[in-house]
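Below is one structure; the comments refer to it alone.
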Amino acid sequence: MFGAGLSLDQAPPFRVPYRFFISAPLFGIMAALLFSLLSGGDHRLAPEVIVAVHMLTIGVFLMVMTGAMMQMLPVIAGAVIPNPKRHGAVIHLLYTVGVLLLGAGLYFGMMAATASGGVLLGVGVLYFLILALGNLRRVRPFSDSVRAFVYALSSLGVAVGLGVLAALYYAGVGDYREIVGQLHLIWIFFGWIGLLVIGVSFQVVPMFYVAEAYPRFCRTWGTALIFASLLLVTLVRCLFPEQTLITKLAALPMVLLYIGFAVITIRRLRLRKRASKDATLFFWYLAMGSLGVALSLWYVSWLVEWSFGMESAGMVLGYGFVLGLISGMLYKIIPFLVWFHLNAKGHFDIPTMREMIPAKHIRMHFYLYLLGGSGLFAGWWGLVPTVVGGALLALSFGWWFWLLLGVGRYYFKQEKRPSPMAMMNLAQ
């Protein structure tokens, strides 16, 4: 899928990753609508916020990244997933029903729904991890991206385990909820999401933007050092629960490594060999800039225990970095998959990747995305009514859905059309 040493003939059907990709904006719209329901006061523990966060982290982030892994494992790693349609459909169903039940349970205070949703999500993630790691176990040698994928998947397993513990503590079993909750978030953002983004970037940036490969140290040691830092932070936090300064110092190398990744990525994109205009670069530059700013602000705020700074950093990290990067990547990945699969079926009279989603439409999404982010921050800090911020967020996610739906509809329409190659064979 993404460059040298790839096995495009092992790619799963287009429907497998697309069902995950197209679901993400819909959960984003749900999160936006929940945000618009917020009233005055402290928002942090409001049911709307808790459910909206889960809609974003599970319904958007986990959904997209699982779809991407279902596509990339066979192509980049050579880890062929048997019966990808069946496995993909089962995982997608577990995620979808699970997050909806979990959200309903948290919002309406229904413990049965919350527990059922949590169980379904846990089963879905475990199903995915067994499928992914089980197939990666047979892959040798590991490429730089595959190594990052293994660290990311391992981090997801740790995060899920910590999430289960956090849920038990929330229900009154144990008294370490704060520590477990902190580690849960750290393993999600710095482990699962961050390491997966790095692994994908190793392939996407050189291929789609004709940029130089990342430095060898970054590719060989960067992800390993980040994973080791995560283990160190976890160990220190558990051994010295009252000595938070030691934990903060242990987290510094991890923060610096991620900031270094952001700087290197921006430099690679600015010095790319093909200097033509590309609307998706808006998302990449914003995402990498947000990563550097968010981590700097988060770490300093953590040191001085400034809650305003930590909350702001969290929103910049989630909305500016993760969501921005996901948007930019999907505008490259989905058109490529459409082009590749239709070409493989003998349809050579199709638009190029750039023509499938016009640049002006991508720029429109970027502007709406900025408006949505502004509405999120302004609504959170009480500068505008949350209904205004929620409406702007919903508009951004709605436009994103419409664009992804359009390219998907084009593929399914063309798929049904007899290919010119098949017609020529019949004529002979």
Cross-chain or 6+ apart pairs with Cβ under 6 Å, segment 326-351 first and outside any helix (DSSP H, G or I), then crowded, with 19+ Cβ neighbours inside 10 Å and modelled with pLDDT of 85 or more: ILE350/LEU342
Residue within segment 249-257 that is touching a Ser or Thr at 6+ places or on another chain (Cβ under 7 Å) and either surrounded by fewer than 16 Cβ atoms within 10 Å (Cβ to Cβ) or among the charged types (D, E, K, R) (or both) present: yes
Condition check for LYS273: in contact (Cβ under 8 Å) with a residue 12 or more places away in the chain, charged (D, E, K, R), part of a loop (DSSP other than H, G, I, E, B) and surrounded by fewer than 20 Cβ atoms within 10 Å (Cβ to Cβ): yes
In segment 114-147, residue surrounded by the most Cβ atoms within 10 Å (Cβ to Cβ) [restricted to those that are part of a helix (DSSP H, G or I), touching a residue at least 24 places away in the same chain (Cβ under 8 Å) and of a type in the set (Ser, Thr, Tyr)]: SER145
Conditions (1) among the hydrophobic types (A, V, I, L, M, F, W, C); (2) at pLDDT 95 or above; (3) surrounded by fewer than 22 Cβ atoms within 10 Å (Cβ to Cβ): number failed by ALA287: (3)
Among (1) assigned to a loop (DSSP other than H, G, I, E, B); (2) in contact with a Leu (Cβ under 6 Å, 6 or more places away or on another chain); (3) not hydrophobic (A, V, I, L, M, F, W, C), the one test that HIS361 misses: (1)
Qualifying residue in segment 315-322 (condition: more than 23 Å from VAL64 (Cβ to Cβ) and assigned to a helix (DSSP H, G or I)): no
Selection count where residues are without any contact (Cβ under 8 Å) to a residue 24 or more places away in the chain and within 16 Å of LEU393 (Cα to Cα), scope segment 23-52: 2
Filter result for GLY398 (outside any helix (DSSP H, G or I) and over 23 Å from VAL197 (Cβ atoms)): no
Qualifying residue in segment 27-38 (condition: surrounded by fewer than 23 Cβ atoms within 10 Å (Cβ to Cβ) and of a type outside the set (A, V, I, L, M)): yes
Which numbered condition LEU100 misses (of (1) in contact (Cβ under 8 Å) with a residue 24 or more places away in the chain; (2) surrounded by fewer than 20 Cβ atoms within 10 Å (Cβ to Cβ); (3) under 26 Å from SER327 (Cα atoms); (4) not β-branched (Val, Ile, Thr)): (1)
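Every residue, every condition in (1) in contact with a Cys (Cβ under 8 Å, 6 or more places away or on another chain); (2) in a helix (DSSP H, G or I); (3) closer than 26 Å to GLY320 by Cβ; (4) among the β-branched types (Val, Ile, Thr), yes or no:
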| position | (1), (2), (3), (4) |
| --- | --- |
| PHE202 | no, yes, yes, no |
| VAL205 | no, yes, yes, yes |
| THR223 | no, yes, yes, yes |
| ILE226 | no, yes, yes, yes |
| LEU230 | no, yes, yes, no |
| VAL236 | no, yes, no, yes |
| ALA251 | no, yes, yes, no |
| VAL255 | no, yes, yes, yes |
| ILE259 | no, yes, yes, yes |
Helices (runs of 4 or more DSSP H) contained in segment 1-113 and holding at least 3 residues over 23 Å from TYR151 (Cβ atoms), more than 20 Å from the chain's Cα centre (by Cα) and modelled with pLDDT of 95 or more: none
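The values are calculated or read from the model by the stated rules, or taken from the named source; none is laboratory data. The shown structure was predicted, so the numbers you read here are calculated from the model rather than taken from an experiment. Cβ atoms come from the backbone with ideal geometry, glycine included; neighbour counts cover every protein chain shown.
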